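A.B. asks: First, the structure itself, so that you have it in front of you.
Every number in this text was worked out from the coordinates using simple rules, so none of it is lab data. The structure presented is a predicted model; accordingly, all values stated were derived computationally and were not measured. Note that each Cβ is placed from the backbone with ideal geometry, even for glycine, and that neighbours are counted across all protein chains shown.
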Amino acid sequence: MTRPSDPPPPPAERPDDLKRQLRRMTRRGIAFGGLATLAGYGAWRWLGTAPEVGMLRSPLRRILELDEAVGRAGFRPGRMSRTYAASLAGMPRVNGRYGVDLNLDLARWRLHVEGPAGKKALTLDEVKAFPKSEVTTELRCIEGWSQVVTWGGTRLADLASASGLACRDGQPGGPLPERADLLPYAALTTPDGTYFVGLDIASALHPQTLLCYEMNGEPLTGPHGAPLRLAIPVKYGIKSLKQVGTLRFGDERPADFWALKGYDWYAGL
Ligand SMILES: Nc1nc2c(c(=O)[nH]1)N[C@H]1C(S)=C(S)[C@@H](COP(=O)(O)O)O[C@H]1N2
Ligand SMILES: [Mo]
């Protein structure tokens, strides 16, 4: 089974391992870096005896809550995730298979876009009819690995604007950030509903947030989320939902698969 962050192993590390870990931490957020520090300095035993809050033991939970506050405060809609030369891109490992059905009938697949004003169902060709965007960014998993990937697809913001469903009145068009009736949240789920992510609207509409049908210039493969997956480089990999079935805009903060298990809902980078 794949988990975004298994408990780190008991400390048996050589000093250079620790140094590498510390270097990695400076590139990552406070929460998961904090986790590495605690493990690296032998606190895992102590954590093992701390009372549980939800699924996370309480000191970790406090770190994650701190990270959520820092993540929100640090987010600027205009801030870009770092981009890389396309020559640095490679295929990431297949990580996380919840809700990914390799036998999905692709001919019958639709992207269901929903909001308070109504619903639309788009074919893959309709999604591909939008201008194609390509970004080369780092996919960062909270397990501690990352991979530079060139993502190709439709900007979620373009599709949201054209559908009108990101706004309360359901009217298409206009730069969405200027719309007074813009809904505050977006939720994505797999067709079977078993994997789901919640996003704040600013991150969902970020210009690097793509509904992808290509990775590294090749058609998206089944295990990586065909026919359509999210790539949201301003968030950890847990939010880059594979095999999108539904995109829903709304007023309520959406449930999120890993947040329900105790991880940071915001998961910003
Ligand atoms: N449907 C679905 N999407 C998912 C997951 C999953 O379990 N199911 N795992 C997430 C996690 S934790 C990561 S790191 C990325 C990995 O994407 P990849 O398999 O293309 O490397 O997918 C994300 N999207
Ligand atoms: Mo991940």
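A.B. asks: Find how much the distance from E178 to L102 grows on full extension, using 0.36 nm per residue of separation minus their present alpha carbon separation; answer in nm with one decimal.
C.D. replies: 23.4 nm
A.B. asks: So who's got an amide H within less than 5 Å of the one on L139, skipping anything under 5 residues away but keeping other chains? H placed 1.01 Å off N, in plane.
C.D. replies: Sorted by chain and number, the residues that satisfy this are Q147, V148, V149.
A.B. asks: Enumerate the amide H contacts of G115 below 5 Å, restricted to partners 5 or more residues apart or on another chain; note that Pro and chain-start residues carry no placed amide H.
C.D. replies: Excluding prolines and chain starts, which carry no amide H, the hits are F249.
A.B. asks: Here's a follow-up. Quick check on my link table: of K119/K242; K132/K242; K132/K235; K120/K261; K128/K261, which ones sit more than 25 Å apart, alpha carbon to alpha carbon?
C.D. replies: Where the Cα-Cα span goes over 25 Å, the pairs concerned are K120/K261; K128/K261.
A.B. asks: Quick check: convex hull over the Cα atoms of the range 130-269, volume per residue in Å³, rounded to an integer?
C.D. replies: So the per-residue Cα hull volume is 105 Å³.
A.B. asks: I would also like to ask the following. Please list, in order along the range 123-129, the HN-Hα scalar couplings obtained from phi with the Karplus expression 6.51 cos²θ - 1.76 cosθ + 1.60 (θ = phi - 60°), rounded to whole Hz, x for Gly and Pro.
C.D. replies: 7, 4, 4, 5, 5, 6, 6
A.B. asks: Taking θ = phi - 60°, what integer Hz values does the Karplus form 6.51 cos²θ - 1.76 cosθ + 1.60 yield along the range 107-118, in sequence order, with x for Gly and Pro?
C.D. replies: 5, 9, 5, 9, 8, 8, 10, 9, x, x, 8, x
A.B. asks: Would you kindly state how much longer the chain becomes between K128 and M91 on full extension, computed as 0.36 nm times their sequence separation minus their alpha carbon distance, in nm to one decimal?
C.D. replies: Here the segment from K128 to M91 would lengthen by 11.1 nm.
A.B. asks: Taking the range 193-254 on its own, what percent of its Cα-Cα pair distances exceed 13 Å?
C.D. replies: When every Cα pair of the range 193-254 is considered, 63 percent fall beyond 13 Å.
A.B. asks: Residue by residue, what Karplus-based ³J(HN,Hα) values in Hz, rounded to whole numbers, does the range 202-207 have, using 6.51, -1.76 and 1.60 with θ = phi - 60° and x for Gly and Pro?
C.D. replies: 4, 6, 4, 8, 4, x
A.B. asks: Note down the nm distance, to one decimal, between modelled labels 7 Å out along Cα→Cβ at A121 and at Y84.
C.D. replies: Result: 3.9 nm between the two label points.
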